[in-house]
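**Student:** Supplied in structure tokens, the structure appears directly below.
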Amino acid sequence: MLKNNISKIIAIIMVLCVGIVFVGCKNTQEEKELSKIEKIKKEGKIVVGTSADYPPYEFHKEVNKKDEIVGFDIEIAKEIAKDLGVKLEIKDMKFDGLLAALDSGNVDFVIAGMTPTEERAQKVDFTKVYYNAVQAVVVKTEDKDRIKSIDDLKGKKIGVQKGSIQEQIATNEIPEAKVKSLGKVSDLMLELKNSKVNAVIVEVPVADAYASKNEDIILTDIEFKDEEEGSAIAIKKGNEDLVESMNSTLDRLIKEKSIDKFVLQAIEMID
Ligand code: ARG
């Protein structure tokens, strides 16, 4: 009788133990299975990576004697953070380091006027395109009658941003181009002003931004063929929930015509 009771008790204890272990496991598993969005909400902040050398997309500006990163991409990033109910932290880096920062988890998303090329889409996920722009070739104003076609660029020194699609365009579409790739677009424009390169390729709004503030550089009418164009936000693969949430923020902004407004405001801020 007593023996029987003891074995009953042991059985109950064993069931309880298994239960505890099971619940324990389930908890740690849940921890692991927190989606990216849940993790971001738990932390209360989202980190964006950008390359702030690309006015009006993103650039440095002194606001109240303090250096700030502004631009229409940044306004979009703020809206994304707002819709998630978290704070936005901005990390500025060279354009060619952005996708690695995404991969290592150093940033949660990248907004940098980045074109969603097929090649990049093999490594990261992209939202929908939120803005469209084509390429422009800028030259020194004194060269404007000498450089008017792709042929005129033949064998010339072409400045492009490292890791950008412009780097590929220069290499693939300009015969015998001597391509000079630098990390920052601001340095490319200096190279152009100092005649270290003959031309620089950037998206039209950026070309306009630099040309409007520098009388010695000017846009040409040169166009390239078969361009991949447009800007989208990049996110590390496997975070579909985040892509979805960002797409709905973009849908809202597009519907409200806010992006056009952000672009105009950003252009106003260039100095
Ligand atoms: N759209 C081009 C690309 O994706 C250039 C983007 C450069 N962006 C920047 N913030 N500097 O390659």
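The values are calculated or read from the model by the stated rules, or taken from the named source; none is laboratory data. Computed from a predicted structure; not experimentally measured. Ideal geometry is used to build each Cβ from the backbone, glycine not excepted, and the neighbour counts take in all protein chains shown. Heavy atoms of the whole protein, side chains included, go into the accessibility calculation; ligands, DNA and RNA do not. Shrake-Rupley method; radii C 1.70, N 1.55, O 1.52, S 1.80 Å.
**Student:** Report the charge-dipole magnitude of the range 219-271 in Debye, nearest 20, computed about the Cα centre from +1 at each Lys and Arg Cβ and -1 at each Asp and Glu Cβ.
**Tutor:** Once rounded to the nearest 20, the dipole reads 320 debye.
**Student:** Out of residues 5 or more away from LYS87 or on other chains, whose amide H comes under 5 Å of its own, with H placed 1.01 Å from N in the peptide plane?
**Tutor:** LYS45, ILE46
**Student:** Projecting each Cα onto the charge dipole of the range 34-178 (Lys/Arg +1, Asp/Glu -1 at the beta carbon, about the Cα centre), which of ILE69, THR117, VAL139 comes out farthest on the positive side?
**Tutor:** Towards the positive end, the residue furthest out is ILE69.
**Student:** Determine, at each q value in 0.27, 0.28 (inverse angstroms), the log₁₀ of I(q)/I(0) that the Debye formula gives when each Cα of the range 201-271 is one equal point scatterer.
**Tutor:** Per q value, in the given order, log10 I(q)/I(0) is -1.18, -1.20.
**Student:** Turning to a different aspect of this structure: Counting only DSSP beta bridges with both residues in the chain, what percent are antiparallel, rounded to the nearest 5?
**Tutor:** Bridges in the chain that DSSP calls antiparallel: roughly 60 percent.
**Student:** For the ranges 251-257, 107-113, 231-237, what's the packing order if you count other beta-carbon atoms within 10 Å of each residue, average per peptide, and put the highest first?
**Tutor:** Highest mean packing first, the order is 107-113, 231-237, 251-257.
**Student:** In addition: Per residue, how much accessible surface does the chain expose to a 1.4 Å probe? Answer in Å², no decimals.
**Tutor:** For the chain, the per-residue accessible area is 55 Å².
**Student:** Now for a different question. Quantify, in whole percent, the carbon and sulfur part of the accessible surface of the chain (1.4 Å probe; protein heavy atoms only).
**Tutor:** 52
**Student:** Taking the Cα centre of the chain as origin, work out the dipole magnitude from +1 charges on Lys and Arg Cβ and -1 charges on Asp and Glu Cβ, in debye rounded to 20.
**Tutor:** The dipole of the chain has a size of about 1340 debye.
**Student:** Further, regarding this structure: Within the chain, which DSSP H helices have Cα atoms that stretch 20 Å or more along the helix axis and a mean Kyte-Doolittle hydropathy of at least 0.5?
**Tutor:** The qualifying helices are 2-32.
**Student:** Accessible area of LEU190, 1.4 Å probe, to the nearest 10 Å²?
**Tutor:** Number for this one is 90 Å².
**Student:** When all alpha-carbon pairs of the chain are counted, what percent fall beyond 29 Å?
**Tutor:** Taking all Cα-Cα pairs of the chain, the fraction more than 29 Å apart is 42 percent.
**Student:** Continuing with the same structure: Averaging sequence separations of C-alpha pairs under 8 Å and six or more residues apart, then dividing by the length of the chain, give the relative contact order as a whole percent.
**Tutor:** 26
**Student:** While we're on this one: Tell me what the chain gives for mean residue ellipticity at 222 nm when only DSSP H runs of n ≥ 4 count, each as -39,500 (n - 2.57), the sum divided by the residue total, rounded to 500 deg cm²/dmol.
**Tutor:** -13500 deg cm²/dmol
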